[in-house]
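The values are calculated or read from the model by the stated rules, or taken from the named source; none is laboratory data. Keep in mind that what you see is a predicted model, and the values were worked out from it rather than measured. All Cβ positions, glycine included, derive from the backbone under ideal geometry; neighbour counts span all protein chains shown.
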Amino acid sequence: MTRRVPLLFFSLLFSYFSFAQKINKDFIDGEIYLKVTNKPVGTLTATVNFERELPFLKDFSTDFVLTKMNRAFFTTGSEKLQKIYRLTVKKPDKIDALIDLLKQNPEVEYVEKVPFRTIIAMPNDSLVGSQWSLTKIKAFEAWEVNAGDTNIVVAVVDNAIQTNHVDLQANMLPGRDLSDNDYNPNPPNTSFSHGTHVAGILSAVSNNTVGIASASNNRIKILPVKATPDAGSPQGIYNGFEGITWAADNGAQIISLSWGGAGYSQAEQEVIDYVHSKGIVIVAAAGNNNNDVESFPAAYTHVISVASLDADDKRSSFSTYGSWVDISAPGRGILSTVPTDGYASFNGTSMATPLVASVLGYIWSCSPSLTPAELESILVNTADNIDAANPTQIGLLGAGRINLLKAISCSTQGIFSATITANGSTYLCQGESVTLSANTGPGLSYQWLINGEETTNAADSLVVSAANDYQVIISKQQCVINSGTVKVRNNTLTTAAPSVTNKEAPYCTPLTIGNGLLANAADCNYAGPTTFTYNGPTIGYDGFSKNGDDPSVNAAGLGGLITSVKVSITWEKKDQGDENTCDAADGGGKPFNEEVSFKLKSPSGTVITLIAANTYASGTTTSGIVTTVFEEGASPILLNSLPVSGTFAPTQSFSAFINEEPAGAWTLLAEDNGFIDPLCVKNFSVTLTTNSPVLAPTVTWWDSATGGALLGSGAEYLALTTTVGVQTYYVQSRCEGLCPSPRTPVTLTVRPVPQVYVFPISMNLANDSTFNNFLKNQPLQVTKDTSNQYIIVDSTMVGGVVIGNTPPLTSPVTLCTTKTYLLLAIGCPTNKLSWSNGKKSQALLVTPSMPINYSATCTDSIASCAPITSNTVAFVSPLTNVLIMDKIYANSVQTFTGMTITASNEIETPAQIQYRANNAILLNPGFSASGNSVFTAQVGTGCEN
């Protein structure tokens, strides 16, 4: 097969220079970073003892000739960096074969090509320019607020710096040339102008009546570090990371890097980590590619990345942008120093970067006690908002444009940030609110913004109930500092409604624990783990290009905050083709697996690396379709291994997502950094677990379906039984982090005392003397036997009389035919009982032939409740309008007849009920018939069959 050219995007800068790599323009010919697993023993120097430190390289001496080797990042401070070597092979065309062989050696932790980084600037067509950038960032006003005190050392790592430039010399420290291994960082000729231009922006001497001024106001000393050999291309940075480590070990407090390119290097990230661990601030140019492709070193962790702006605060047309950019600064038409003792205007993020470094240095000079974190916080929080000038790049140009006046004013006042804290969850349910409070201090003024628009609220707190983005601006004198954005969102996740059982109870008989109204609330099982799976098409990637949107899933239905994350990716790295040929057959040759990298982006915008480029080995044939699962605690993917299905630890911990809200889009950011062999992502899923409680939710009882009064809490409510009739209550449950459930109605039917039951009985039974004598026994009760026959029993419980299998009838009873009915009053002593017809017995046999009502009154005092009359049993004519309101009991068999029937009652299940009306049947709210009930409604039939 034909070897394709890996692609690392770099800006073409200083186009009038002509320099080409022989083998690959994106890597330095024939050079590799090699990291061994074990730290070399003995005294370490920059010089490598080949036989003692790298004896395994002898195995390759026949086919590969090493012309140069050194300990790339020699330092006494980092054991990790001491294990990295930089090797040069005589025949660059054999570099891939050497890398493949070295990856198989157990003594090699990783091996990768050395990226060829380039400077990021372009000469301006104009020969002269003004220092509009200093006016824009209010540098001159800042100098009036605080003149600075301590000198700050800022390293410029670049192609070369004219150290004796008339406008630089007074602010220059002795430097180093890492490429030519000497202490002369000066340019060999005037074509090496970039570093001198950067140095002038950083710290040109102010108030010397010569040339230009710099934002640092003579408070920065430049540490010049040359990273390009005299014989190399002026646009190339060959030893940038060696220069970074040297600067870090030789007094730099800030390091300014105006160069870079696409493509991740593990060795380079380790250098950045080492420098960051020493408390040194690193600033780097985002790039001049007019796209959102990550540029390195700017996109490495612990680096402040800088985009470029024009004089109107619009993004410079050439500037790279993206969510990984931290800050923006003027970068077009920037006048500065060039060799020899000259001046010129350049464009580029290369120019914006030293301006940011200059601002950082000056702030630190004014407030030397600031920590690096506080320094960066002041920089980003005092930036001017530039969203209006860049409506299509909101969130892609960092915090905004630097403002030195604000930064100095705030550092002088000791105000390092504007912060907002919430007194509760910012995921609000309907009707809820949250108080947002800003940090307080003497003399501070406040301005709240909602969705970027100013409000009239000038207090230090704001009560909000609407889903919006909230910010606060805190000011004091000339200090104006912006907070981050607090996103208040509508919580759409609702707790499941509890189940309930309606209840009946006698009048004035208190409900007891275990016998009250009960709610069965489901456990709060909203913690997961829940898997969200991508269901879209296969997405192809090749050479930083892709043929569709990155795979994304929308997480929903989880409460609480994230406690664990697991990711599954099904993918294939093919030989031959591009991002549009994932459906084609594999080429059958060598797939370049090392080009593959995966990152995961959460709904909050947090991004972690699942696997970095240059982790996998190339292999001789395709590994086919593999499913890679990333889970905390698993074994890492071994460097130089081949892709296989399995579960592995992510390169960066999932801990970055812990305690984030789970809801929203989770996106897989896949990348293939070389041409021809495509990466094909076929499936993707995210499994999330949260800290949502799994115990029962809180349960509350209310007197209305919405609003109303809170009656009680807990799974049981002991309602009062002092009012006869149907009492409706509402119960609601809520899981922590979720909205309350809908309120479920539950009824308590309070039966009067006495309660009159109506049973139809046969004529034979009604005329039976034994039965009539039995009804005189006291007291009587109704029960059922195992065959569901209703039996009247007395207090002796010795015997009883079966009265049939028909449950009590519900009033009104329609008189279509003449029948005999047993009316039984339960719950009152006989000597205290009287019927509406004057009878005194507990049982009453009636054979009504015309409409009549019966009720019973109990004169016995029940607790502290007043005596009441029983329910009324109405016998009605079928030629009248019938109103049905009382519950029809389970297993009932009953027919209601009338001219018009109006019903608002419940029919318990099972039952067999008929409504027959001559004119109409109206089923009003409250009517229900469900389950196994047989319910018929017939109009125009009356008592007819």
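Overview of results
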{"quantity": "Hey, GLY395 out of contact with any strand residue (DSSP E or B) (no Cβ under 8 Å at 6 or more places or on another chain), surrounded by fewer than 22 Cβ atoms within 10 Å (Cβ to Cβ) and not assigned by TED's automatic domain parsing to the domain that holds GLY251 or not", "calculated": "no"}
{"quantity": "Count of residues meeting criterion [more than 30 Å from ALA527 (Cα to Cα), of a type in the set (S, T, N, Q) and in contact (Cβ under 8 Å) with a residue 40 or more places away in the chain] in the range 460-516", "calculated": "8"}
{"quantity": "Selected residue (only one of ALA97, ALA147 is surrounded by fewer than 21 Cβ atoms within 10 Å (Cβ to Cβ) and part of a loop (DSSP other than H, G, I, E, B))", "calculated": "ALA147"}
{"quantity": "Unmet criterion (only one of (1) in the same structural domain as LYS682 (by TED's automatic domain parsing); (2) touching an Asp or Glu at 6+ places or on another chain (Cβ under 7 Å)) for ASP549", "calculated": "(2)"}
{"quantity": "Criterion violated by GLU595 - all others in (1) within 23 Å of ASP96 (Cβ to Cβ); (2) surrounded by fewer than 22 Cβ atoms within 10 Å (Cβ to Cβ); (3) at pLDDT 90 or above; (4) of a type in the set (D, E, K, R) satisfied", "calculated": "(2)"}
{"quantity": "Check on ALA357, surrounded by 22 or more Cβ atoms within 10 Å (Cβ to Cβ), within 26 Å of the chain's Cα centre (by Cα) and not β-branched (Val, Ile, Thr)", "calculated": "no"}
{"quantity": "In the range 21-46, residue farthest from LEU81 (Cα to Cα) [restricted to those that are modelled with pLDDT under 75 and among the β-branched types (Val, Ile, Thr)]", "calculated": "ILE23"}
{"quantity": "Hits in the range 652-671 (condition: part of a loop (DSSP other than H, G, I, E, B) and touching a residue at least 60 places away in the same chain (Cβ under 8 Å))", "calculated": "ILE658, ASN659, GLU660, GLU661, PRO662, ALA663"}
{"quantity": "Residues of the range 364-388 satisfying the condition of being outside any loop (DSSP other than H, G, I, E, B), over 23 Å from THR337 (Cβ atoms) and in contact (Cβ under 8 Å) with a residue 12 or more places away in the chain", "calculated": "CYS366, PRO372, GLU374, LEU375, GLU376, SER377, ILE378, LEU379, VAL380, ASN381, ASP384"}
{"quantity": "Residue that is nearest to PRO229 (Cα to Cα), among those in the range 177-216 that are part of a helix (DSSP H, G or I) and hydroxyl-bearing (Ser, Thr, Tyr)", "calculated": "THR196"}
{"quantity": "Failed item, numbered, when LEU309 is tested on (1) aliphatic (A, V, I, L, M); (2) within 19 Å of ALA612 (Cβ to Cβ); (3) more than 30 Å from the chain's Cα centre (by Cα)", "calculated": "(2)"}
{"quantity": "The listed residue being part of a strand (DSSP E or B), closer than 19 Å to ALA311 by Cβ and among the hydroxyl-bearing types (Ser, Thr, Tyr), out of SER345, SER358", "calculated": "SER345"}
{"quantity": "Selected residue (criterion: nearest to the chain's Cα centre (by Cα)) from residues of the range 492-507 that are hydroxyl-bearing (Ser, Thr, Tyr) and assigned to a loop (DSSP other than H, G, I, E, B)", "calculated": "THR492"}
{"quantity": "Residue match in the range 482-491 (condition: more than 29 Å from the chain's Cα centre (by Cα), assigned to a loop (DSSP other than H, G, I, E, B) and not assigned by TED's automatic domain parsing to the domain that holds LYS138)", "calculated": "no"}
{"quantity": "Residue in the range 545-561 that is farther than 30 Å from ILE658 by Cα, modelled with pLDDT of 95 or more, of a type outside the set (A, V, I, L, M) and assigned to a strand (DSSP E or B) present", "calculated": "no"}
{"quantity": "Test: THR67 is touching a strand residue (DSSP E or B) at 6+ places or on another chain (Cβ under 8 Å), at pLDDT 85 or above, more than 18 Å from GLN266 (Cα to Cα) and outside any loop (DSSP other than H, G, I, E, B)", "calculated": "no"}
{"quantity": "Test: residue in the range 245-257 that is part of a loop (DSSP other than H, G, I, E, B) and buried (at least 24 other Cβ atoms within 10 Å of the Cβ)", "calculated": "yes"}
{"quantity": "The range 575-590: number of residues that are closer than 19 Å to TYR616 by Cβ and either touching a helix residue (DSSP H, G or I) at 6+ places or on another chain (Cβ under 6 Å) or hydroxyl-bearing (Ser, Thr, Tyr) (or both)", "calculated": "0"}
{"quantity": "Boolean, LEU449 is within 27 Å of ASP310 (Cβ to Cβ) and either touching a His at 6+ places or on another chain (Cβ under 6 Å) or surrounded by 12 or more Cβ atoms within 10 Å (Cβ to Cβ) (or both)", "calculated": "yes"}
{"quantity": "Residue count, the range 255-277 (criterion: in contact with a strand residue (DSSP E or B) (Cβ under 8 Å, 6 or more places away or on another chain) and under 19 Å from SER78 (Cα atoms))", "calculated": "9"}
{"quantity": "ASN288 being part of a loop (DSSP other than H, G, I, E, B), outside the structural domain of THR651 (by TED's automatic domain parsing) and surrounded by fewer than 24 Cβ atoms within 10 Å (Cβ to Cβ)", "calculated": "no"}
{"quantity": "Subset tally (residues that are at pLDDT below 85, closer than 26 Å to GLU242 by Cα and among the acidic types (Asp, Glu)) for the range 100-137", "calculated": "1"}
{"quantity": "Boolean, THR382 is assigned by TED's automatic domain parsing to the domain that holds GLN253, within 29 Å of the chain's Cα centre (by Cα), over 24 Å from ARG219 (Cβ atoms) and crowded, with 24+ Cβ neighbours inside 10 Å", "calculated": "no"}
{"quantity": "Inter-residue pairs, beta-carbon under 7 Å, first outside the structural domain of ALA155 (by TED's automatic domain parsing) and surrounded by fewer than 20 Cβ atoms within 10 Å (Cβ to Cβ) and in the range 182-208, second assigned to a helix (DSSP H, G or I) and modelled with pLDDT under 95, 6+ apart", "calculated": "none"}
{"quantity": "Complete set of residues in the range 451-481 that are more than 30 Å from ARG734 (Cβ to Cβ) and in a strand (DSSP E or B)", "calculated": "GLU453, GLU454, GLN471, VAL472, ILE473, ILE474, SER475, LYS476, CYS479, VAL480, ILE481"}
{"quantity": "Where a residue in the range 802-824 is touching a residue at least 60 places away in the same chain (Cβ under 8 Å) and buried (at least 19 other Cβ atoms within 10 Å of the Cβ) and its partner, wherever it lies, is of a type in the set (A, V, I, L, M, F, W, C) and outside any strand (DSSP E or B), with Cβ under 7 Å and at least six apart", "calculated": "LEU824/LEU780"}
{"quantity": "Residue check, VAL629 among the aliphatic types (A, V, I, L, M) and touching a residue at least 60 places away in the same chain (Cβ under 8 Å)", "calculated": "yes"}
{"quantity": "Index of the failed condition, TYR757 passing every other in (1) over 16 Å from TYR889 (Cα atoms); (2) touching a residue at least 24 places away in the same chain (Cβ under 8 Å)", "calculated": "(1)"}
